[in-house]
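Let me begin by presenting the structure, written as structure tokens, before commenting on it.
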Protein chains: 2
Amino acid sequence: MDTEYIRSHIRTIPDFPETGIQFKDITPLLLDAKANELTLSALHTAFHTLSVDKVVGLESRGFLFGPSLAASFQAGFVPARKKGKLPHKTIQKEYGLEYGKDILEMHTDAINPGDNVIIHDDLLATGGTAKAATELVLELGGQVVGYSFIIELSFLLGKNQLLKDIPIRSIIQY
Amino acid sequence: MDTEYIRSHIRTIPDFPETGIQFKDITPLLLDAKANELTLSALHTAFHTLSVDKVVGLESRGFLFGPSLAASFQAGFVPARKKGKLPHKTIQKEYGLEYGKDILEMHTDAINPGDNVIIHDDLLATGGTAKAATELVLELGGQVVGYSFIIELSFLLGKNQLLKDIPIRSIIQY
């Protein structure tokens, strides 16, 4: 089955980036052309009934499938980046990390009022970054119509940080 | 013409990230579905006669088109990342920046001996990162068959850092 093929190309690395973390490594998936194709297809299929204007991808692993997911909808791609990386006028949102805080930015011209937006990343963990991206999209007048992830670490309850009543689709759950 | 359409979606930001730099911003291109499609098509067409096993994309803007370029060849995608980001066993290469040095890493299992490899980034500037990626590919036994960029800043002479006799294709030159 497609999902099992994708899952078999995700590698768990113990104690990365620090002790106790079981890191989900998607580089074996990226190396395999068939796994790539199945992943993109699954990401698209999850929302294929929607009209999508923009896909927002979260730096930097959300850049790997975000642009091709956008292309599959004939939509634009918007990078959400860490502070200081985007060159034009931005809006910012602070979000919590396990230790300390970070800042996510989006160009102010990235979203038009009324745009239907999918927020995409490779992984949903605690949901802090996806929550910050949601707030940026809403501030620019867009509406979030879906959350798209390759992997969801369900036990971290990241779903609780995201908008209620908006579909959250992850291909693989742990 | 396609190239002019792509060029019209690249924005020059003066004095970013520091005074005197004319930064080439591809976010307007990413926002436009047609510009995205034409860019991917041009990147692929430049090497369409080659047999390609892997596309190496350089963190992080090389992640935007690298995976779809790889898919267009039915090839695998390999992220080359800054130190400490890749979770499995890596090899490293130091490279010079305008001020100081940085380290580029690749997973040791990313390239098989004999693999035909395209090195891709959004921009060829001084060529330091692409040179480091070249050395990593060669060290793993791969052969570089092409260099692929959206934009080349010709006046910085980055070409001089790359392998001789290997085609370098950039869609837009400044």
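Side notes on the structure shown:
- Subset tally (residues that are in a loop (DSSP other than H, G, I, E, B), free of Cβ contacts under 8 Å to residues at least 40 places away in the same chain and not hydrophobic (A, V, I, L, M, F, W, C)) for region A:97-113: 6
- Residue identified as surrounded by fewer than 22 Cβ atoms within 10 Å (Cβ to Cβ), more than 7 Å from every other protein chain (Cβ to nearest Cβ), under 18 Å from A:Ile150 (Cα atoms) and more than 16 Å from the chain's Cα centre (by Cα) among A:Lys34, A:Lys83: A:Lys34
- None of A:Val117, A:Val78 is facing another protein chain (nearest Cβ under 8 Å) and either closer than 21 Å to A:Ile166 by Cα or touching a residue at least 40 places away in the same chain (Cβ under 8 Å) (or both) except A:Val78.
- Looking only at region B:37-72, and only at residues there that are over 22 Å from B:Ile13 (Cα atoms) and acidic (Asp, Glu), the one that is nearest to the chain's Cα centre (by Cα): B:Asp53
- Residues in region B:42-68 that are within 10 Å of chain A (Cβ to nearest Cβ) and in a helix (DSSP H, G or I): 7 in all.
- Within region A:90-113, the set of residues being farther than 11 Å from A:Gly128 by Cβ and in contact with a strand residue (DSSP E or B) (Cβ under 7 Å, 6 or more places away or on another chain) comprises A:Thr90, A:Ile91, A:Gln92, A:Ile103, A:Glu105, A:Met106, A:His107, A:Thr108, A:Ala110, A:Ile111.
- Here A:Thr12, A:Thr19 are screened, and the one residue that is assigned to a strand (DSSP E or B), more than 9 Å from every other protein chain (Cβ to nearest Cβ) and closer than 18 Å to B:Pro87 by Cβ is A:Thr12.
- Breaking point among (1) free of Cβ contacts under 8 Å to residues at least 24 places away in the same chain; (2) touching a strand residue (DSSP E or B) at 6+ places or on another chain (Cβ under 6 Å); (3) outside any helix (DSSP H, G or I); (4) buried (at least 18 other Cβ atoms within 10 Å of the Cβ), for B:Lys24: (1)
- Count of region A:128-162 residues, restricted to those that are within 25 Å of A:Ser72 (Cα to Cα) and part of a loop (DSSP other than H, G, I, E, B), is 4.
- When B:Asp102, B:Asp122 are screened for being surrounded by fewer than 17 Cβ atoms within 10 Å (Cβ to Cβ), touching a Lys or Arg at 6+ places or on another chain (Cβ under 7 Å), of a type outside the set (Val, Ile, Thr) and over 21 Å from A:Ala33 (Cβ atoms), only B:Asp102 passes.
Every read-out reported here was derived from the displayed coordinates using simple, explicitly stated rules and does not represent laboratory data. The structure presented is a predicted model; accordingly, all values stated were derived computationally and were not measured. Backbone-built Cβ (ideal geometry, glycine too); neighbour counts: all protein chains shown.
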